[in-house]
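Below: the structure, in structure tokens.
The values are calculated or read from the model by the stated rules, or taken from the named source; none is laboratory data. Predicted, not measured: the structure shown is a model, and the values here were computed from it. No Cβ is skipped: glycine too gets one built from the backbone with ideal geometry, and neighbour counts run over all protein chains shown. Note: areas computed on protein heavy atoms with side chains; ligands, DNA, RNA excluded. Shrake-Rupley method; radii C 1.70, N 1.55, O 1.52, S 1.80 Å.
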Amino acid sequence: MFLNTHFPKAQKYWYQGKFYDWSEGDLHPMMHALHYGTSVFEGIRAYGTPRGTAIFRLPEHIDRMLLSAAVARMKFPYGKDEIIEFIKLTVRENGLESCYIRPLLFFSYGNLGLVPKACPVELAISAWEWGAYLGEKAAGGVSVYIVPWRRVHHTQFNMAAKLGGVYVQSTICGLEARDEGFDEAVFLNFEGRIAEGPGQNIFIVKGGTLITNDRKESVLEGITRTSLLEIARDLGFKTAVGPITKEDLYGAEEAFFCGTAVEIIPIISVTDGSDPAAGKTRHAIGTDKPGPIAQRMIKAYHEAVTGGSPRYEKWLTYVKG
Ligand code: PMP
């Protein structure tokens, strides 16, 4: 029996062409993905709008999932349009107005050798109401901890793909940051510059310019990040894409996380734990409170995703046909 305690309003999930009650499930322990993280996934949000529930940038999310699947050398029978339909159906089936949507492709039951030669690739889609990813208090700003572990480098793996196994690093470092008493982790890359959060990109504000990094810095170039670059320019802000050093972050006027799950969350302090021998140093960012540019971006992003801004209507896929 699987309770939906941590999946509010989830009623049914879609698995291989059929809906199942949330409480049902009998996946086998020998499924390949359970052992080796041989899965790819997406994190997508839908929002209530005046014209009904709309999924934000759904085609872009599915493009990324198909890229991830290609990186994982997965072969399966579904195309982009079909996956889009299955996702819309899942949101409708659950009667959700606003929700988080998690499609997952994985090497299933077959053989257990590292090479999944007898394992079919299966698709599951779940949706539930996921509120504030870092908790309601996070809207007031979060404290982050630069973990001692460097982000997987872009020369080691294709970091544009969302591969289940790669998220082990995110999970464990997220736990480490919390064990140290902080709200969230931040990774440096091999070069010693700021990379990203475990599931979030980072923006800083310097001289009024919004700055974020890119794939050359070993980050997943998120869909929220790309959207915010466009929204910021439309609002008349200067933007720049390039490396961010630790000193850039410490001296920033403002900083924030962005991502589908987290949306936009101001970062108000950074503690450097990247060199365990050197001890930990805390740096307040800006005024230790969410800054005006972050607040402006939060408002504009909220308007965009909830259908309040005709300019960004192009990013919405309505769930009702
Ligand atoms: N970086 C990582 C490692 C992530 O997992 C995510 C979440 N998908 C992001 C950045 C932000 O990406 P997006 O805005 O597309 O959700």
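Across the range 233-254, what is the number of residues that are surrounded by 22 or more Cβ atoms within 10 Å (Cβ to Cβ), within 22 Å of the chain's Cα centre (by Cα) and more than 23 Å from His153 (Cβ to Cβ)?
Summing the residues that are surrounded by 22 or more Cβ atoms within 10 Å (Cβ to Cβ), within 22 Å of the chain's Cα centre (by Cα) and more than 23 Å from His153 (Cβ to Cβ) in the range 233-254 gives 1.
Could we say that Arg150 is open to solvent by 40 Å² or more (accessible area, probe 1.4 Å), more than 30 Å from Gly286 (Cβ to Cβ) and basic (Lys, Arg) here?
The answer is no for Arg150.
I'm told Gly208 meets every condition in (1) more than 14 Å from the ligand (Cβ to nearest atom); (2) small (Gly, Ala, Ser); (3) on the phi < 0 side of the Ramachandran plot except one. Can you identify the failing condition by its number?
Checking Gly208 against (1) more than 14 Å from the ligand (Cβ to nearest atom); (2) small (Gly, Ala, Ser); (3) on the phi < 0 side of the Ramachandran plot, the one that fails is (3).
When you look at Lys162, is it assigned by TED's automatic domain parsing to the domain that holds Ala232, open to solvent by 80 Å² or more (accessible area, probe 1.4 Å) and charged (D, E, K, R), yes or no?
Answer is no for this residue.
Residues to consider are Arg178, Arg151; find the one that is more than 12 Å from the ligand (Cβ to nearest atom), modelled with pLDDT of 95 or more and of a type in the set (Lys, Arg).
Answer to the check: Arg178.
How about the range 216-272: which of its residues are small (Gly, Ala, Ser) and closer than 30 Å to Cys99 by Cβ?
Across the range 216-272, the qualifying residues are Gly222, Ser227, Ala232, Ala255, Gly259, Ala261.
Of all residues being within 16 Å of the ligand (Cβ to nearest atom) and touching a strand residue (DSSP E or B) at 6+ places or on another chain (Cβ under 7 Å) in the range 224-238, which is nearest to Ile293 (Cα to Cα)? Just the residue, please.
Only one residue fits best here, namely Ala232.
In the range 101-119, how many are assigned to a loop (DSSP other than H, G, I, E, B) and of a type in the set (Val, Ile, Thr)?
Matching residues across the range 101-119 total 1.
Please note which strands (runs of 3 or more DSSP E) are completely contained in the range 1-72 and include at least 2 residues that are over 30 Å from Ala304 (Cβ atoms).
Answer list for the range 1-72: 18-21.
Could we say that Ile264 is away from the ligand (no atom under 15 Å from the Cβ), under 14 Å from Ile202 (Cα atoms) and assigned to a strand (DSSP E or B) here?
On the way: away from the ligand (no atom under 15 Å from the Cβ): no; under 14 Å from Ile202 (Cα atoms): yes; assigned to a strand (DSSP E or B): yes.
The answer is no for Ile264.
If you check Thr317 against the conditions, is it assigned to a loop (DSSP other than H, G, I, E, B) and β-branched (Val, Ile, Thr)?
Considered against the rule, which asks whether it is assigned to a loop (DSSP other than H, G, I, E, B) and β-branched (Val, Ile, Thr), Thr317 comes out as no.
Output yes when any residue across the range 290-311 is part of a loop (DSSP other than H, G, I, E, B), open to solvent by 70 Å² or more (accessible area, probe 1.4 Å) and under 20 Å from Val186 (Cβ atoms), and no when none is.
Just the residues of the range 290-311 that are part of a loop (DSSP other than H, G, I, E, B), to begin with: 290-291, 306-309.
With the extra rule that they be open to solvent by 70 Å² or more (accessible area, probe 1.4 Å), the set shrinks to none.
No; the residues of the range 290-311 include none that is part of a loop (DSSP other than H, G, I, E, B), open to solvent by 70 Å² or more (accessible area, probe 1.4 Å) and under 20 Å from Val186 (Cβ atoms).
Is one or more of the residues making up the range 218-229 within 15 Å of Gly286 (Cα to Cα), assigned to a helix (DSSP H, G or I) and open to solvent by 10 Å² or more (accessible area, probe 1.4 Å)?
no
Can you run down the residue pairs with Cβ atoms below 7 Å, 6 or more apart or on separate chains, where the first is in the range 265-287 and under 19 Å from Leu134 (Cα atoms) and the partner is of a type in the set (Phe, Trp, Tyr)?
Close Cβ pairs (under 7 Å, with a partner that is of a type in the set (Phe, Trp, Tyr)) amount to Ile265/Phe256; Ile265/Phe257; Pro266/Phe256; Ile267/Phe256; Ile267/Phe257; Val270/Tyr250; Thr271/Tyr145; Thr271/Phe182.
Show me the strands (runs of 3 or more DSSP E) found entirely inside the range 120-206 where at least 1 residues are over 18 Å from the mean Cα position of the chain (by Cα).
121-128, 142-146, 201-206
Among the residues of the range 202-217, which ones are among the charged types (D, E, K, R) and either open to solvent by less than 20 Å² (accessible area, probe 1.4 Å) or at pLDDT below 95 (or both)?
Glu217
Only one of Gly259, Gly273, Gly251 is away from the ligand (no atom under 16 Å from the Cβ), in contact with a helix residue (DSSP H, G or I) (Cβ under 9 Å, 6 or more places away or on another chain) and of a type in the set (Gly, Ala, Ser); which?
Only one candidate passes the filter, namely Gly273.
Which residues, counting only those in the range 1-60, are more than 16 Å from the ligand (Cβ to nearest atom), open to solvent by less than 40 Å² (accessible area, probe 1.4 Å) and either under 25 Å from Glu221 (Cα atoms) or among the hydrophobic types (A, V, I, L, M, F, W, C) (or both)?
Scanning the range 1-60 gives Ala10, Trp14, Trp22, Met31, Ala33, Thr38, Ala54.
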